[in-house]
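First comes the structure, then the notes that go with it.
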Amino acid sequence: MQLKTFRHLWGITDPFQQVFQLIKNAGYSGVEFAAIRIADKNSFKKLLNDFDFEFITQVHTYGETVDDHLASFKALIQQSLPFNPVMINSHSGKDSWGQDEKNEFFASALDYEKEIGISIAHEIHRGRITYNPWDTRDFLLNFADLKICCDFSHWVCVCERLLYSETAIIQLCAESCIHLHSRVGYEHGPQVPDPRAAEYAKHLKAHENWWDIIWRTQQRNQVKTTTMTPEFGPPANSHRKSYTHIPASDVWTISNWMNDRQKQRFNQLFL
């Protein structure tokens, strides 16, 4: 099994030409970003080709009703198709919906996925349908074809604890996971100030144990290529000191550190 890693462009303000070279030098296979945020689409397509990068597009559904979110879901995906994404990562629906509304969204989303022929991962995310482990478990049991992007940092934040008692749900998620966001969360937020710090060692270890469950499950299921994005976000996700606003850590540095660390761990496990 092969691991391909992607660099998220979230929060990057430097010119893409400059940034793509740095991403290439750091050993990533591609980039992840919301197509709607790309100003010069022709230039971006050329850069993807010039750097031989694969592209994972993100969509963020919006509105109040299921129909609103489905309409935005489809429209945002259509805007992404000219970039030939290898995968679509979706922030889907609303946490406040009832079960019938959530089921309606997923049923329609799965139909649309079949129509376009591109895999859609519904990301584990705060504020979305997948915001907690137990509802997500039920949806995975109800929809056999549902695919997810596992970002467990959100659940650690929502549940305000490391998910030691939810191993069975993590295992169930592994069966449906097609993409991984290797961000480390903690009890008071979705992103630790610095995953290299000793005070967050137990959080890093817990997340790595969950990622290993995913990778081992994928290997058992004969998945040939798995993907990962070390997604650490800019302020207000990254911590800054009060008054001075000095960053607690550099997002670029810790993203690349996480990328290198997980590639090394993956190779030790499977190569």
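Taken together, L162, L146 contain a single residue that is surrounded by 18 or more Cβ atoms within 10 Å (Cβ to Cβ), under 18 Å from W210 (Cα atoms) and either without any contact (Cβ under 8 Å) to a residue 60 or more places away in the chain or among the polar types (S, T, N, Q) (or both), which is L162.
Among the residues of the stretch 180-218, the ones that are among the acidic types (D, E) and assigned to a helix (DSSP H, G or I) come to 3 in all. Specify which of the listed residues (Q171, Q218) is surrounded by 18 or more Cβ atoms within 10 Å (Cβ to Cβ), at pLDDT 95 or above and not aromatic (F, W, Y). Among Q171, Q218, only Q218 is surrounded by 18 or more Cβ atoms within 10 Å (Cβ to Cβ), at pLDDT 95 or above and not aromatic (F, W, Y). Apart from one condition, E199 fits all of (1) more than 24 Å from Q58 (Cβ to Cβ); (2) touching a His at 6+ places or on another chain (Cβ under 9 Å); the exception is (2).
For the stretch 54-64, the condition holds for no residue, the condition being that it is closer than 20 Å to R137 by Cα, of a type outside the set (F, W, Y), surrounded by 14 or more Cβ atoms within 10 Å (Cβ to Cβ) and touching a residue at least 24 places away in the same chain (Cβ under 8 Å).
Every residue in the stretch 191-206 that is surrounded by 21 or more Cβ atoms within 10 Å (Cβ to Cβ) and either touching a Lys or Arg at 6+ places or on another chain (Cβ under 8 Å) or modelled with pLDDT under 95 (or both), please. Give the steps one after another, and end with the answer.
In the first step, residues of the stretch 191-206 are kept if they are surrounded by 21 or more Cβ atoms within 10 Å (Cβ to Cβ); the result is 191-192, 195.
Q191, the sole residue that qualifies.
Considering F6, F44, F20, which residue is under 24 Å from V251 (Cα atoms), under 22 Å from the mean Cα position of the chain (by Cα), at pLDDT 95 or above and in a strand (DSSP E or B)?
Values: F44 fails: in a strand (DSSP E or B); F20 fails: in a strand (DSSP E or B).
Checking each option against the conditions leaves just F6.
The single condition among (1) more than 13 Å from F83 (Cα to Cα); (2) surrounded by fewer than 20 Cβ atoms within 10 Å (Cβ to Cβ) that N49 does not meet is (1).
The values are calculated or read from the model by the stated rules, or taken from the named source; none is laboratory data. Just so you know, these numbers come straight off a predicted model, no measurement behind them. Note that we place each Cβ from the backbone using ideal geometry, even for glycine, and neighbour counts take in every protein chain shown.
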